[in-house]
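The values are calculated or read from the model by the stated rules, or taken from the named source; none is laboratory data. None of these values were measured; they are calculated from a predicted model. So basically every Cβ, Gly included, is an ideal-geometry build from the backbone, and we count neighbours across all protein chains shown.
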Amino acid sequence: MHQADVAILPSIEGDLPFRQLADHLPALCFMADPEGRALWCNRRWYDFTGVAADADLPGVWPSLHDPANVDEALRNWAACIRSGKAGEMIVPFRRADGRFRPFLTRAEPVHGENGRISCWLGTMTEVGEQEEAARNHRFLVSLGDALRDKNDPTDSLTVTGRVRGEHWDVLRA
């Protein structure tokens, strides 16, 4: 940063600038105590989940996970807390309308001066669009591979129907 740039920066008092930063990041952000209980979430987290600002975060957090994955998510989180090491996983998380969206969730321990974990900081980045793009890419590659040596239109239609059916997980396409 140049000396001239410093003069135009606003003076920073208190934690307001950092809360503004966290609230405007594109990711959902959270802070947890050393034992892993949620203490704080950014505005985007509340907007996404529809959870009331005065809700009991440790109590509501498990209900936001897909019931099919909540046990695995809680086990992985408990393993991070036990080990004291950063962790990440992709988990379906419920948005305000009740639909689940996949999120890459990462959490990092923050160590105090005494070397002990003082809190955990985490981010959740929605990856649904990337997963769908990757799935579609795999479909197109498999379709191209399957059609590469087909010259007969009937064979091409049969192969296309089979590959589309596999992609959509249906018996007939």
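Is there a residue in the range 14-30 that is within 17 Å of Met124 (Cβ to Cβ), over 14 Å from the mean Cα position of the chain (by Cα) and in a strand (DSSP E or B)?
no
Kindly indicate the residue of the range 71-89 that is hydrophobic (A, V, I, L, M, F, W, C) and surrounded by 14 or more Cβ atoms within 10 Å (Cβ to Cβ) and also nearest to the chain's Cα centre (by Cα) among those meeting that condition.
Met89
Hey, among Asp15, Asp97, Asp5, Asp54, which residue is exposed (fewer than 11 other Cβ atoms within 10 Å of the Cβ) and at pLDDT 95 or above? Break it down into steps so the answer makes sense when it comes.
Details: Asp15 fails: at pLDDT 95 or above; Asp5 fails: at pLDDT 95 or above; Asp54 fails: at pLDDT 95 or above.
That would be Asp97, the only listed residue that is exposed (fewer than 11 other Cβ atoms within 10 Å of the Cβ) and at pLDDT 95 or above.
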The residue that is surrounded by the fewest Cβ atoms within 10 Å (Cβ to Cβ), considering only those in the range 30-46 that are out of contact with any strand residue (DSSP E or B) (no Cβ under 8 Å at 6 or more places or on another chain) and under 18 Å from His65 (Cβ atoms), is Arg37
